[in-house]
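Here is the structure we will look at, set down as structure tokens.
The values are calculated or read from the model by the stated rules, or taken from the named source; none is laboratory data. Predicted, not measured: the structure shown is a model, and the values here were computed from it. No Cβ is skipped: glycine too gets one built from the backbone with ideal geometry, and neighbour counts run over all protein chains shown. Quick note on the areas: whole protein, heavy atoms, side chains included, nothing else; ligands and nucleic acids left out. Shrake-Rupley method; radii C 1.70, N 1.55, O 1.52, S 1.80 Å.
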Amino acid sequence: MRETPNFAGWRATILHREDATTERLTRQLKLFGFHVLVQWAPLAADHLPDLILVDADQGWTGLLPWTDERAPRPLVALLGSEAPGRVAWAMDQGASAIIAKPLASSAVYPALVMALAIHRERQAVVEKIAHLEERVRMRPLVHAAVQKISHARKLDEEQAYRVLRNCAMQRRLSMEQVAASIVGGAEPLPEAG
């Protein structure tokens, strides 16, 4: 089971015209410990809150400071419309949860927890992809290091790879880091054995 978050001290911005929805939402968020700001103007990229709630019924391109669907903060769409274009707009902005309007107080906390969990999962996937892309980019170095070890120690590729892997494990470094050191000449060739 996942741990439920404690929102005490978090900053939330509601991008919505002030009305009964924002009053009810502000009251509910304050009960959870949020510091709440309500505005109906584009959000500044250099001062992002911890959580963003946006009116997806009237939101426009440029209201949020990012251009892809990788919202840098958990984003909750406030939606009273069933219009496919409004749902698509919320998704294009990176919303990870929706609270239906008119607002039911009981819908707020589950949506916040869901938005935070999905946001964290998305961030983890982005980081993992970046890590894997870096490893793929470094594969030619690993191959070059294996070739260098193979020629210098008169080993076949499989044995040379094993030597490189063992060297990386002993030094507690990635194979790519050790390979880069070997190919660059900063690391002496490891001994077979």
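Quick rundown of the values:
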| quantity | calculated |
| --- | --- |
| Candidates Glu127, Glu134, Glu157, filtered to the one that is open to solvent by 30 Å² or more (accessible area, probe 1.4 Å) and touching a Ser or Thr at 6+ places or on another chain (Cβ under 7 Å) | Glu157 |
| Residues located in the stretch 40-68, provided they are touching a His at 6+ places or on another chain (Cβ under 7 Å) and either assigned to a loop (DSSP other than H, G, I, E, B) or at pLDDT below 95 (or both) | Trp40 |
| Any pair with Cβ under 9 angstrom, 6 or more apart, that starts in the stretch 110-124 at a residue that is touching a residue at least 60 places away in the same chain (Cβ under 8 Å) and ends at one that is exposed (fewer than 14 other Cβ atoms within 10 Å of the Cβ) | Val113/Arg2; Val113/Thr4; Ala117/Arg2 |
| Within the stretch 40-73, considering residues that are in contact with a Gly (Cβ under 7 Å, 6 or more places away or on another chain) and over 16 Å from Arg122 (Cβ atoms), the one surrounded by the fewest Cβ atoms within 10 Å (Cβ to Cβ) | Pro42 |
| Subset of the stretch 1-27 that is aliphatic (A, V, I, L, M) and surrounded by fewer than 19 Cβ atoms within 10 Å (Cβ to Cβ) - its residue that is nearest to Asp46 (Cα to Cα) | Ala8 |
| Unmet criterion (only one of (1) open to solvent by less than 100 Å² (accessible area, probe 1.4 Å); (2) more than 30 Å from Leu78 (Cβ to Cβ); (3) under 32 Å from the mean Cα position of the chain (by Cα); (4) not polar (S, T, N, Q)) for Arg171 | (1) |
| Sole residue being open to solvent by less than 80 Å² (accessible area, probe 1.4 Å), among the small types (Gly, Ala, Ser) and within 20 Å of the chain's Cα centre (by Cα), chosen from Ser96, Ser105 | Ser96 |
| Filter pass, Val126 being assigned to a helix (DSSP H, G or I), among the hydrophobic types (A, V, I, L, M, F, W, C) and over 26 Å from the mean Cα position of the chain (by Cα) | no |
| Matching residues, the stretch 5-33, being over 21 Å from Ala71 (Cα atoms), touching a residue at least 24 places away in the same chain (Cβ under 8 Å) and among the hydroxyl-bearing types (Ser, Thr, Tyr) | Thr21 |
| Of residues in the stretch 74-93 being of a type in the set (Gly, Ala, Ser) and not in a helix (DSSP H, G or I), the one surrounded by the most Cβ atoms within 10 Å (Cβ to Cβ) | Ala77 |
| Failed condition for Leu37, given (1) open to solvent by less than 10 Å² (accessible area, probe 1.4 Å); (2) outside any loop (DSSP other than H, G, I, E, B); (3) in contact with a Lys or Arg (Cβ under 9 Å, 6 or more places away or on another chain); (4) more than 18 Å from Pro5 (Cα to Cα) | (1) |
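Matching residues to (1) touching a residue at least 40 places away in the same chain (Cβ under 8 Å); (2) under 21 Å from His131 (Cβ atoms); (3) in contact with a helix residue (DSSP H, G or I) (Cβ under 7 Å, 6 or more places away or on another chain):
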site: Asp156; (1), (2), (3): no, no, yes
site: Arg162; (1), (2), (3): no, no, no
site: Ala168; (1), (2), (3): no, yes, yes
site: Ser174; (1), (2), (3): no, yes, yes
site: Val178; (1), (2), (3): no, yes, yes
site: Ser181; (1), (2), (3): no, yes, no
site: Pro190; (1), (2), (3): yes, no, yes
